Each structure stands twice: as structure tokens, then as C-alpha cells.
Amino acid sequence: MLDTATRKSFQERFHAIRTLGREDLVPKQESSRLSIRDAGPGAFFTYLGQTWWVREINSYQETSDDFNTLEDYEIHELTCLCLETGETIHFEWEYDDVLEVSMTKERLSFRNLKDDAGQSIDEDDLDQIADDKDGVVVNDQTFWYEDDWAALFNRGGRQEKVYMYEFENEAGSLFLTIEEWQGSGREEYRIYTSVPINPDSITLISKGGQ
């Protein structure tokens with residue numbers, strides 16, 4: 001007998017599959033011209049032999065440090081369900097001269113982070129790390145400071161303030177992001193690693209809603 005979580009996972013995947021009609025399929029001659037930028041909510045795409053359904057799309061809009069002035073930079077976040085495994089993963093894309101795509105790998109907490117001397121770090125250390133352009137160590141791998149910036153996270157017509165601290169390993173093959181969310185009178189932190197992926201490795205099956 002399936003447990004509740006597994007049963008719900010199967011139900012959601014079956015529901016997603018039923019939403020895909022023959023008329024929604026992208027013609028083969030058009031598929032090569034499309035990218036993840038063309039995916040809307042409810043879209044389907046393949047990546048590395050697995051099929052993904054876009055559950056929702058949200059965005060990070062860069063702002064001034066006080067969150068009052070909008071800037072040009074924007075990241076689009078696709079929350080995607082893998083139809084084969086039931087796993088939920090975030091794919092992100094941005095366009096600045098070229099299309100860049102990444103996908104989340106591992107969720108972390110501050111207990112996973114250390115400085116280059118092997119000492120634990122917490123939220124109070126982030127600004128100093130950014131000012132000094134220092135590194136953060138995760139599982140004996142050093143991630144070097146790349147950028148920090150403020151953004152408004154747009155989801156379902158609501159906006160939330162979030163401050164981003166971004167790091168990258170020496171090879172540029174793995175990213176570390178620390179998000180400081182400001183709302184409900186308190187700060188919340190979300191920490192995760194992500195990997196860059198080749199945009200051409202994603203094939204759109206249907207574009208979904210726009």
C-alpha cells in the first residue's frame with residue numbers, strides 16, 4: 001500500500017500528463033527554434049532523458065539595495081515536476097546577451113557552511129564575507145564570492161523582498177546561493193547549490209500557458 005506522500009505524487013503526475021493534448025505538442029520543425037524562454041506555466045520539456053512539467057513560473061526582479069528602484073536584470077524561476085521520479089526541481093534562466101540556464105541541486109543550511117579557517121558562519125557574517133570577497137566552504141569545496149544584490153520576488157501577484165549572496169566554485173561548475181527573505185517581521189534564509197546547464201539540452205514538448 002502506498003503512503004500518502006507517494007500517492008499524492010502519483011496523482012499530481014497523472015494530472016499533469018492528462019493536461020497535455022495532442023494539439024499542444026510543439027511541431028518538430030518548430031522545436032529547434034524554441035528554448036526554455038518560451039515555456040509558460042503548464043509547459044512540458046525534456047532534459048537529459050527525463051520529462052518535466054512546469055508547475056509555476058516566478059521571477060526575481062533586481063532592485064536598488066533599498067528595494068525602491070527597479071533595475072533591468074531579471075531571473076525567471078520555473079518550479080518543475082519530474083514525471084518519472086516525482087522530484088521537484090527549480091530551473092532558472094536569465095538573458096544578458098546570451099541565454100543562461102541553471103538548475104538547483106542541493107538544499108543546505110548554515111550548519112553546512114564554514115569559512116576558509118574551518119569556523120562555522122551564520123547570517124551575521126554574510127555582509128563581511130561580501131565586503132571582503134571571501135569564500136564559503138561546503139563539504140571541503142570553496143565557493144568564492146561573486147555578487148550580492150537586492151530583488152523583488154514576484155509570485156502570483158505578490159512581491160517579497162529578498163537579498164541574494166552569490167558564490168561560485170573555482171571551476172565555475174557549481175554555484176552557491178544564500179537568499180535572505182524579508183517579511184512577516186523576521187528574516188528567513190534559503191541556501192542551495194545549483195549547476196549551469198546547456199540551454200540546447202532542453203527540448204520543449206509544449207509551450208503551456210503564457
Complete set of residues in the range 132-165 that are of a type in the set (Lys, Arg) and outside any strand (DSSP E or B): 133
Criterion violated by residue 128 - all others in (1) assigned to a strand (DSSP E or B); (2) of a type outside the set (Val, Ile, Thr); (3) under 23 Å from residue 67 (Cα atoms) satisfied: (1)
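Going through 33, 37 one at a time, which residue ends up being surrounded by fewer than 17 Cβ atoms within 10 Å (Cβ to Cβ), over 13 Å from residue 205 (Cβ atoms) and touching a Leu at 6+ places or on another chain (Cβ under 9 Å)? Quick ask: steps written out before the conclusion?
Values: 33 fails: touching a Leu at 6+ places or on another chain (Cβ under 9 Å).
Checking each option against the conditions leaves just 37.
Going through 112, 139 one at a time, which residue ends up being at pLDDT below 95 and within 23 Å of the chain's Cα centre (by Cα)? Don't jump to the end; show me each part of the working.
Details: 112 fails: at pLDDT below 95.
Step by step, each of 112, 139 is checked, and only 139 is at pLDDT below 95 and within 23 Å of the chain's Cα centre (by Cα).
Looking only at the range 67-97, count how many residues are β-branched (Val, Ile, Thr) and assigned to a strand (DSSP E or B). I'd like the intermediate steps shown before the answer.
If we filter the range 67-97 for residues that are β-branched (Val, Ile, Thr), which is where we start, we get 69, 75, 79, 85, 88-89.
Among the residues that remain, those that are also assigned to a strand (DSSP E or B) are: 75, 79, 88-89.
Here the count works out to 4.
The values are calculated or read from the model by the stated rules, or taken from the named source; none is laboratory data. Computed from a predicted structure; not experimentally measured. All Cβ positions, glycine included, derive from the backbone under ideal geometry; neighbour counts span all protein chains shown.
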